[in-house]
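The values are calculated or read from the model by the stated rules, or taken from the named source; none is laboratory data. Not measured: the values here are computed from a predicted model. Cβ placement follows ideal geometry from the backbone for every residue including glycine, while neighbour counts extend to all protein chains displayed.
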Amino acid sequence: MKIIRITAMWCMSCLVMRSVWDKVFKEYSDLDIVDYDFDDDETEVKKLNPGKVLPVLIIYDKDQEIGRIIGEKSKKELFKIINRLREENPTT
């Protein structure tokens with residue numbers, strides 16, 4: 001499973017979520033995390049069409065998007081979403 005994380009230096013929600021993501025993602029050793037900054041990686045970010053709310057996590061299985069997590073979420077919510085996506089896409 002691959003997660004593209006779109007954040008920005010000026011985004012307070014992005015800064016808050018960093019520590020939550022770190023705690024959640026370390027529980028899944030097979031996750032491939034790719035980071036894009038909304039401003040610094042503008043060309044790549046535009047291709048992903050993240051919308052207007054940050055942060056955005058775009059989850060892929062075998063190069064196919066299987067979900068998006070937008071905005072702030074609790075650690076519990078993130079675990080629930082990731083586990084649900086894994087169950088729905090057992091090849092990850």
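Below are the figures for this structure:
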quantity	calculated
Residue satisfying all of: in the stretch 32-65; touching a residue at least 40 places away in the same chain (Cβ under 8 Å) and among the aliphatic types (A, V, I, L, M); farthest from K2 (Cα to Cα) among these	L54
Top-ranked residue in the stretch 1-39 [being among the hydrophobic types (A, V, I, L, M, F, W, C), out of contact with any Phe, Trp or Tyr (no Cβ under 9 Å at 6 or more places or on another chain) and under 14 Å from K76 (Cα atoms); ranked as surrounded by the most Cβ atoms within 10 Å (Cβ to Cβ)]	M17
Residue within the stretch 49-61 that is surrounded by 11 or more Cβ atoms within 10 Å (Cβ to Cβ), more than 11 Å from the chain's Cα centre (by Cα) and at pLDDT 95 or above present	no
Single residue of the stretch 36-76 satisfying the filter (of a type in the set (V, I, T) and touching a strand residue (DSSP E or B) at 6+ places or on another chain (Cβ under 8 Å)) that is farthest from P90 (Cα to Cα)	V53
Leading residue by the ranking (nearest to the chain's Cα centre (by Cα)) among those in the stretch 20-42 that are farther than 25 Å from E87 by Cα and of a type outside the set (F, W, Y)	D37
Count of residues meeting criterion [touching a Leu at 6+ places or on another chain (Cβ under 7 Å) and not charged (D, E, K, R)] in the stretch 1-19	9
